1. Dipole magnitude of the chain about its Cα centre, charges +1 at Lys/Arg Cβ and -1 at Asp/Glu Cβ only, in debye to the nearest 20?
2. Match the structure shown to one of the listed values [x] 15.3; [y] 15.8; [z] 17.2 of Kirkwood radius over Cα pairs in Å, computed from it, and give that label.
3. If you add up the charges near PRO20, with Lys and Arg at +1 and Asp and Glu at -1, over every other residue whose beta carbon is less than 12 angstrom from its beta carbon, what do you get?
4. What lysines does LYS125 reach when the alpha-carbon gap must be under 19 Å and sequence neighbours fewer than 8 apart in one chain are set aside?
5. Classify region 27-93 from the C-alpha gyration tensor, please: rounded if a/c falls under 1.5, else prolate or oblate depending on whether a/b exceeds b/c.
6. Mind grabbing the accessible area of ASP28 for me, 1.4 Å probe, Å², rounded to tens?
7. By accessible area of protein heavy atoms, probe 1.4 Å, what ranking do TYR87, TYR109 get, highest first?
8. What ranking, highest mean first, results for peptides 59-67, 19-27, 45-53 when packing means the other Cβ atoms within 10 Å averaged over each residue?
Amino acid sequence: ERETAVLSKLEQVIDFEVPPAFVDQVIDNMISSMVPNKEERQKVASDKKIREVFRKEALKKAKNSMLMGDIIAKESIDVSDDEIKEYLGSQLGGADEKASELEKAFKQYGSQVKEKILFSKAVDKIISYGTLKEEETTRAA
């Protein structure tokens, strides 16, 4: 994926500290996505050994999120509700999808789709700077 390739290239030249609390939050999110049962999730989330297993990947995700967030803010990148609905409509089978289904999907997945589109726009912006060539981002993926 282009985003992964771009972030991998950026990791080679940009290094910064990530607040430990943010890494812990990412670990919690990773565990939540894998363990749907609330009681079991709390048990897993409190296990220090399990948290340590996730730490390296969580640190990488946290750095990437902070880096992309900074680019999004500095470049004033935004996503409209219409862009989110257009994306969701394409995922649901086209622009003629029932309005109620689209609205339901917007409420349920809108923030995740917004983040996905924001990150995609940020990757496009990074590539447009010319420091990363399009072929480098597709080759590295």
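1. On the way: 24 positive and 28 negative charges, 122 e Å.
In debye, rounded to 20, the chain gives about 580.
2. [z]
3. Working: positive: ARG51, ARG55; negative: GLU17, ASP24.
It works out to a net charge of 0.
4. LYS9, LYS63, LYS74, LYS114, LYS116, LYS133
5. Working: a/c = 3.70, a/b = 1.56, b/c = 2.37.
Oblate is the answer for region 27-93, as a/c is 1.5 or above yet b/c matches or exceeds a/b.
6. The accessible area comes out at roughly 60 Å².
7. On the way: TYR87 70, TYR109 105 Å².
Ranking TYR87, TYR109 by accessible area, largest first, yields TYR109, TYR87.
8. Working: 59-67: 18.1, 19-27: 15.6, 45-53: 11.9.
Highest mean packing first, the order is 59-67, 19-27, 45-53.
The values are calculated or read from the model by the stated rules, or taken from the named source; none is laboratory data. Small disclaimer: the values here were computed from a predicted structure and weren't measured. Positions of Cβ are generated from backbone atoms using ideal geometry, with glycine treated the same way; all protein chains shown enter the neighbour counts. Please note that ligands, DNA and RNA were not included when accessible areas were found on the heavy atoms of the full protein model with its side chains. Shrake-Rupley method; radii C 1.70, N 1.55, O 1.52, S 1.80 Å.
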